[in-house]
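For reference, the structure discussed in these notes is given below.
The values are calculated or read from the model by the stated rules, or taken from the named source; none is laboratory data. Please read these numbers as outputs of a predicted model, since none were measured by experiment. Methodologically, a virtual Cβ is constructed for each residue, glycine included, from the backbone with ideal geometry; neighbour enumeration extends over all protein chains shown. Just so you know, the surface numbers come from the protein's heavy atoms only, side chains and all, with ligands and any DNA or RNA stripped out. Shrake-Rupley method; radii C 1.70, N 1.55, O 1.52, S 1.80 Å.
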Amino acid sequence: MARRPANGQAPAQFALDVRGLTTSFYVGGKWFPAVRDVSFALKRHETLALVGESGCGKSMTAMSIMGLVPKDAGRVKAEAILFEGQDLARASEAKMREVRGDGISMVFQEPMTSLNPVLTIGFQVSEALRHHRGLSRRDAAARALHILDQVKIPSAKSRFNDYPHQFSGGMRQRVMIAMALACQPKILLADEPTTALDVTIQAQILELLRELKRETGMAMIFITHNLGVVAELADRVAVMYAGQIVEIAEVAELFARPTHPYTEALLRSIPRSDRDTAELYTIPGQVPPITRMPPGCKFADRCAYRLDRCQAEEQQLAPLAKAPAHAVRCWRRTEETQPEMVVVDA
Amino acid sequence: MLAYVARRLLLAVPTLLAVMTLVFVLVRIVPGDPAQTILGDQASQEALMAMRERLGLNRPLWEQYIDFLRDALSGDWGNSMVTGHPILQEILNVLPYTIDLTVASLIIGALFGIPLGVWSALHRNRLVDYVTRVGSLLGLSFPAFVSAILLLLVFSIELNWFPVISAGDRSSVGEVLENLALPAINLGLIMTAYITRVTRSSMLNVLGEDYIRTAHAKGLPNRAVIWIHALRNALIPVVTVVGLYLGILIGNSVLTEIVFNRPGLGKLIVGALSQRDYTMLQGLMVIYTFIIIIVNLLTDLTYGLIDPRVKYS
Ligand SMILES: Nc1ncnc2c1ncn2[C@@H]1O[C@H](COP(=O)(O)OP(=O)(O)OP(=O)(O)O)[C@@H](O)[C@H]1O
Ligand SMILES: [Mg+2]
């Protein structure tokens, strides 16, 4: 995109600049992309939400940035992944280990299985500090205790030497967050951190993340399939479908003017307290598996506005004329006179 | 923890009692007259009667049972029908040899098997993995007496490093170790093969776990991920399998004992079996049960060391 300088350096306001990220998996003797040519920039202090149905490549995008895609099955290619003046797409494994857990951290979806069952939570939170900061066991423990307090583990001091099985799911996710934040990362990748939790616990964890973000000023990529959460947390939203970004905009803009038919459909499927959940809209059809991607628009066969041209040619992510920071991958909505939009605007 | 051990040992009492009862009944329903066995085919009728009297075989069964239990508890396990020596004494004489051999082969097995298993898992489907897998399969399927003879040929006869007959003297630690080396290597190789295979498969499982991904996400160096995060979890199934195998090993070391002409429980069992030494067999079965109980207890205590989710209750 034009706003980016060509010298390979991320502009100073960007915490992370991902360009042309493609992650493929080897299935049945062939490579199939699960993430295709994804580009976005994360501003400093910003929360970018990555939204989409299951299987559309959200986790793999985050894992690719972290360099955690399993090497035996997956292959990551990118023009550049710029972080603090380094290109992570070309960084050595040793360099990536320095960045992981220090500059960029990740919280995973499964709090019940993401902590090591045979190590105390105190040890697990201290570990990154001892490794990245070279702190002594004692200093690391003191700092870890401070962070466990910060993520509001009740009586953290007396629970420091407890094991994961002695904590509830919500508490384990707090421990995970504490672990991720131990070294005060510039960027937190939160991959559906609340999906596995009860609704009330979800709300608490989201509140905690919001608070921690305010205190630390880190930037965050928040992955979810729940647009309702996005409205509360994100500054900007990237909607993903079948490994591609299909729409990206400021959160208010996206909710006011959802433009891609997929985004529209997602918005209609948010559960709302003022509506009966029985009537909840579900998008017909499924995300195509990576081994059977159709040509042209990947959403076409589920789309109510589909024309022949949609299935024939690849769509580009293009800015809207009225809102240049709002880009959409749908030629009908960006090139055509937009009849639906006109009605909405009027 | 101490209370747990005490409770477990207390729980072992009914088990031992059951085994002793079983042994008592078994010996009495096996065909063949013990008096006849002791005195031989040529014995006169009077001599047989006298011997039955002496062994108490004419008395009511329950009286024999009570006597049997009382004697057993007081340490009088009777005399061997073949040698006439006290049974408990005979067993206690060979027990140290068996314990030495078992512990030594376990140490060898763990020392080599665990790193080999980890190494193999880390190089899954590469050359070293194939070599390790084929090697461990060989180790498991190779007859123990053949490897024993090979070891003897090479290290005792050709190189003269170790005694050919590893019997004997337990007077000094050096002596014990010298006699122990080859038999322990022989059984240790099997143990190594066993532990290598279990460690490899268990390690492969663990490496796919979410918490391993978390450890990588923290940026830990590979060795910390493997030796701190993965191995300890991977050892849990290894302990199970080793615990089971130890019990088998103690009774099955007979071929090794024979080739190296070394005393031990295995040889005692086979000897008693072939000579129909019933009283000796009784004693051996009880001792064997006791050993299994101890091995199980040690296995469970080891779980507790590795896995904090294990509770002693
Ligand atoms: N190891 C792998 N081998 C083959 N395909 C894979 C592998 N890992 C992921 N994929 C595929 O990549 C695609 C994207 O997966 P990803 O986990 O990123 O989805 P997601 O958007 O995070 O979904 P969810 O909401 O379920 O977490 C999926 O179609 C998945 O089947
Ligand atoms: Mg995911």
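B:Glu90 passes all but one of (1) under 21 Å from the mean Cα position of the chain (by Cα); (2) open to solvent by 70 Å² or more (accessible area, probe 1.4 Å); (3) acidic (Asp, Glu); which number fails?
Of the numbered conditions (1) under 21 Å from the mean Cα position of the chain (by Cα); (2) open to solvent by 70 Å² or more (accessible area, probe 1.4 Å); (3) acidic (Asp, Glu), the odd one out for B:Glu90 is (2).
Could you tell me whether B:Leu111 is of a type outside the set (Lys, Arg), open to solvent by 40 Å² or more (accessible area, probe 1.4 Å) and outside the structural domain of B:Leu255 (by TED's automatic domain parsing)?
Taking the combined requirement at face value, the residue does not satisfy it.
Would you confirm whether or not the range A:37-48 contains a residue that is touching a Ser or Thr at 6+ places or on another chain (Cβ under 8 Å) and within 9 Å of ligand 1 (Cβ to nearest atom)?
Taking every residue of the range A:37-48 in turn, none turns out to be touching a Ser or Thr at 6+ places or on another chain (Cβ under 8 Å) and within 9 Å of ligand 1 (Cβ to nearest atom).
Does any residue in the range A:225-236 that is within 17 Å of A:Ala249 (Cβ to Cβ) come within less than 7 Å, Cβ to Cβ, of a residue that is hydroxyl-bearing (Ser, Thr, Tyr) and within 16 Å of ligand 2 (Cβ to nearest atom) six or more places away or on a different chain, and which pairs are these?
Between residues of the range A:225-236 that are within 17 Å of A:Ala249 (Cβ to Cβ) and residues that are hydroxyl-bearing (Ser, Thr, Tyr) and within 16 Å of ligand 2 (Cβ to nearest atom), the close pairs are A:Val230/A:Thr224.
Do any residues in the range A:183-202 that are more than 19 Å from A:Gln86 (Cα to Cα) and modelled with pLDDT under 85 have Cβ atoms under 6 Å from those of residues that are away from ligand 2 (no atom under 16 Å from the Cβ) and outside any strand (DSSP E or B), where the two are at least six apart or on different chains, and which pairs are they?
Between residues of the range A:183-202 that are more than 19 Å from A:Gln86 (Cα to Cα) and modelled with pLDDT under 85 and residues that are away from ligand 2 (no atom under 16 Å from the Cβ) and outside any strand (DSSP E or B), the close pairs are A:Leu197/A:Gly169; A:Leu197/A:Gly170.
Residue under question is A:Thr200, and the condition is that it be open to solvent by 30 Å² or more (accessible area, probe 1.4 Å), of a type in the set (Ser, Thr, Tyr) and assigned to a loop (DSSP other than H, G, I, E, B); does it hold?
When the stated conditions are applied, A:Thr200 does not pass them.
For the range B:33-80, which residues satisfy the criterion of being open to solvent by 90 Å² or more (accessible area, probe 1.4 Å) and at pLDDT below 75?
B:Asp41
Looking at the structure I just gave you, is A:Arg97 open to solvent by 30 Å² or more (accessible area, probe 1.4 Å) and more than 8 Å from chain B (Cβ to nearest Cβ)? If you could, list the steps in order and put the result at the bottom.
Numbers: open to solvent by 30 Å² or more (accessible area, probe 1.4 Å): yes; more than 8 Å from chain B (Cβ to nearest Cβ): no.
Spelling it out, it is not the case that A:Arg97 is open to solvent by 30 Å² or more (accessible area, probe 1.4 Å) and more than 8 Å from chain B (Cβ to nearest Cβ).
Can you tell which of A:Val118, A:Val125 is in a loop (DSSP other than H, G, I, E, B) and closer than 19 Å to A:Gly169 by Cα?
Selected residue: A:Val118, the only one of A:Val118, A:Val125 that is in a loop (DSSP other than H, G, I, E, B) and closer than 19 Å to A:Gly169 by Cα.
Restrict the check to the range A:126-147 and report whether at least one residue is in contact (Cβ under 8 Å) with a residue 60 or more places away in the chain, within 14 Å of chain B (Cβ to nearest Cβ) and surrounded by fewer than 24 Cβ atoms within 10 Å (Cβ to Cβ).
no
Run B:Val295 past the list (1) surrounded by fewer than 22 Cβ atoms within 10 Å (Cβ to Cβ); (2) assigned by TED's automatic domain parsing to the domain that holds B:Ser156 and report the number of the one that doesn't hold.
(2)
What pairs come out if I take residues in the range A:289-307 that are part of a helix (DSSP H, G or I) and pair them with residues that are modelled with pLDDT of 90 or more and β-branched (Val, Ile, Thr) whose C-beta lies under 9 Å away, six or more apart or interchain?
Once the first residue is part of a helix (DSSP H, G or I) and sits in the range A:289-307, its partners that are modelled with pLDDT of 90 or more and β-branched (Val, Ile, Thr) give A:Ile290/A:Val27; A:Thr291/A:Val27.
Within the range A:114-123, can one find any residue that is at the interface with another protein chain (Cβ under 10 Å from one of its Cβ atoms) and in contact with a Gly (Cβ under 8 Å, 6 or more places away or on another chain)?
If we filter the range A:114-123 for residues that are at the interface with another protein chain (Cβ under 10 Å from one of its Cβ atoms), which is where we start, we get A:114-120, A:123.
Of the ones still in play, those that are also in contact with a Gly (Cβ under 8 Å, 6 or more places away or on another chain) are none.
For the range A:114-123, residues at the interface with another protein chain (Cβ under 10 Å from one of its Cβ atoms) and in contact with a Gly (Cβ under 8 Å, 6 or more places away or on another chain): absent.
Residue under question is B:Tyr312, and the condition is that it be in contact with a Gly (Cβ under 7 Å, 6 or more places away or on another chain), among the hydroxyl-bearing types (Ser, Thr, Tyr) and open to solvent by 30 Å² or more (accessible area, probe 1.4 Å); does it hold?
yes
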